[in-house]
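Some notes on the structure that comes next.
No lab work stands behind these numbers, since they all come straight from the coordinates. The shown structure was predicted, so the numbers you read here are calculated from the model rather than taken from an experiment. Heads up, the Cβs are rebuilt from the backbone with ideal geometry, glycines too, and the neighbour counts pull from every protein chain shown.
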């Protein structure tokens, strides 16, 4: 079986002839001139990497592989939604997934869970309420508030979403062993935890969360 990197991305190496827009940037250094002095973004400032951990070459290759996978995933999103019966935007599937797994939620709670702006979530919710996939019910703990609840049609669409995704994944991974699949699942979960922890450290708990890009 080919190693995932064989079809995800070519290794990032200085001896390869990259197009100008794809020239790799060092994972461990940045020129002070490359960051605007007025920029408040922690990702545009040079940082000191603590000793230990994987080599710079390994980090570069992992970063390039993740970037390549994200681009492939972005291209596949529209195709995935088109394969379902119900014409629901990808962002709506994220909302359906959260309501299916968490149960009834207030709009603010939903926005926090999917790490999206409340105004964006409000527009998404309005469209799927109109489509009959979600309904609003009075919050028994606060009569002034409402809860977002999946309808039966919403649950059906969500189950179809999971079925389509699982079938595609099973077909794609048909040459993988159970051990490889479980190891990747473990490592991806670990990467996600470390990514969220690092993002929180860089941005701070009070900073706006990025818009959602995926679902359960």
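Structure data summary
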item: Residue match in the stretch 137-147 (condition: touching a helix residue (DSSP H, G or I) at 6+ places or on another chain (Cβ under 7 Å) and closer than 17 Å to residue 98 by Cα); result: no
item: Number of positions in the stretch 154-183 that are surrounded by 14 or more Cβ atoms within 10 Å (Cβ to Cβ) and touching a residue at least 60 places away in the same chain (Cβ under 8 Å); result: 8
item: Filter result (touching a strand residue (DSSP E or B) at 6+ places or on another chain (Cβ under 8 Å) and surrounded by 23 or more Cβ atoms within 10 Å (Cβ to Cβ)) within the stretch 99-127; result: 99, 110
